Every structure is written in C-alpha cells, then in structure tokens.
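Read through the structure below, which is laid out as structure tokens, and then see the notes.
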C-alpha cells in the first residue's frame, strides 16, 4: 500500500519536460477517438439490424424463403437459414463486446481526466507556495534595501572628496540625475526591452540550431534535444551555452580554415617562384 501510494503521488507532479502531461493528453485523445469509433460502429450495426435483419426475423416463413432463395444449391435445406441465424448471433455477441469495451474505455478516460486535473491542481498548488515564499523573500529584501538606502546615500556623500566645492557638487548632481533617469527609463521599458532581446535571440538561436542539425551526429543529437520533449525524466533539455559553444566552434573552424588556405597559397607561390 505504501509503495502504491508513493507511485500515485509521483503521478501528481510533472517534470520540466511535461512527461506526465504529454501522456495524459495522449491517453485522453486516443481514448476519446476509440470511444467515438466504437459508438459509431455500434450505431451503424443497430441501424442495419433494424432496417435489414429485424424484418427478416419477424417473417413467419423466413426458413421457406431462404430455401427458395437457395435454389437447391445446398444438401441441407435449412443450411442457409441456420447460417444466417448463426451470423446474426455472432454479430450480437460482437456488439455486446464492443459495448463492454466502450464502457471500459469510458472508465479509463475518466481516470485519465482525473489524473490530469490532479496534476494541474498539484502543480498549481506547488507553484503558488513557491511564489508565496519567493514573494516573502523579495518583500524582506525590499524592506532591508529601503532601510539602508538613506544610510548608503549619506555615506556616499561623505565618501566623495571635496563634496562642498562647487565643481564637485555640480558633477555629483548631474551624474545622479543622469543615472536616475537612465535607470527609471530602463525599468519602465523593461518588458519591451526584454521582448525585443528575446525575439532577436530566438531568431539567432533558430539559425544556429539549423546548422547544428546539419552537422555531425553528436551535434545533431544535441540539437534535436532542443526541439522536442523527452519521455524520460533523466533526459532534460541541454544548456543554452551549447549554442554559444557551437557558434564559437564554427568561428574557430572558419578562422583556421582560412589560415590553412592562406598558408597553402603562400607555399604554392614560393614553389612557383
């Protein structure tokens, strides 16, 4: 029971690659398609049974009509009618099997939805607790910064030599205004600056990844790990530093290639001369 409980608890928390989320969504999608397909099959059989088979079963002389239609092709006069009854019976058994299978799939679908909802609720709860704790830490650091800010400003004034001189005072005031204005401008436009930087970096990142995919096997595998989620918890997305390392590697390869071509050209010119 304890081991089963631990395994169930693991299903409530996802990893950074959303392994369980992918499995739950895949299961829900597949089960939904299975249930829809089975329901359509059962419906088509019911419609066919009511339109074609049920009227034949209601006939009082159904066996005689089958013997007439058989035209003496069978040694047993009732063979066709018995074959018809056997196929209808087998079809009804298959229909009941499909209905039971649909019921089982429906139950599994509800279980998958419950696990998915539990995963989202547990992840939201953990994220909320982490955010609350982080907010409390930021609040504490903010209070400490606010408390020491006037003290730091006063200390900085005493640390400046010749602060009472006109030349020093004007330079200090001008610098303070310029730095403050630049800081406030950056803070107020931080989202726009961050978005523009992200767009530029993502465009550059895609170009480098395309080159990595076309490179050797090791770099190709590493590039593919950036592009897709991994089914295993142990295989995480590589560090973004690999992109910079690959870019520097390409620059180094181009530089040394140019150097080798230049050396070969000089050797060829010396041999000709």
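Summary of values
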quantity	calculated
Region 169-188 residues that are farther than 15 Å from residue 156 by Cα, paired with ones that are part of a helix (DSSP H, G or I) (beta carbon under 9 Å, 6 or more apart)	186/193
Flag if residue 197 is in a helix (DSSP H, G or I), in the same structural domain as residue 241 (by TED's automatic domain parsing) and modelled with pLDDT of 80 or more	yes
Within region 122-164, tally of residues that are in the same structural domain as residue 26 (by TED's automatic domain parsing) and in contact (Cβ under 8 Å) with a residue 12 or more places away in the chain	3
Subset of region 111-145 [surrounded by 11 or more Cβ atoms within 10 Å (Cβ to Cβ) and either modelled with pLDDT of 80 or more or not in a helix (DSSP H, G or I) (or both)]	111, 112, 113, 114, 115, 116, 117, 118, 119, 120, 121
Yes/no for residue 90 being assigned by TED's automatic domain parsing to the domain that holds residue 60 and free of Cβ contacts under 8 Å to residues at least 40 places away in the same chain	yes
Any hit, region 170-184, residues being surrounded by 11 or more Cβ atoms within 10 Å (Cβ to Cβ) and under 52 Å from the mean Cα position of the chain (by Cα)	yes
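Matching residues to (1) at pLDDT 85 or above; (2) in a helix (DSSP H, G or I); (3) closer than 19 Å to residue 104 by Cβ:
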residue: 31; (1), (2), (3): yes, yes, yes
residue: 43; (1), (2), (3): yes, yes, yes
residue: 48; (1), (2), (3): yes, yes, no
residue: 53; (1), (2), (3): yes, yes, no
residue: 72; (1), (2), (3): no, no, no
residue: 77; (1), (2), (3): no, no, no
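The values are calculated or read from the model by the stated rules, or taken from the named source; none is laboratory data. All values reported here derive from a predicted model rather than from experimental measurement. When we count neighbours, we look across all protein chains shown, and the Cβ atoms used for this are built from the backbone with ideal geometry, even at glycine.
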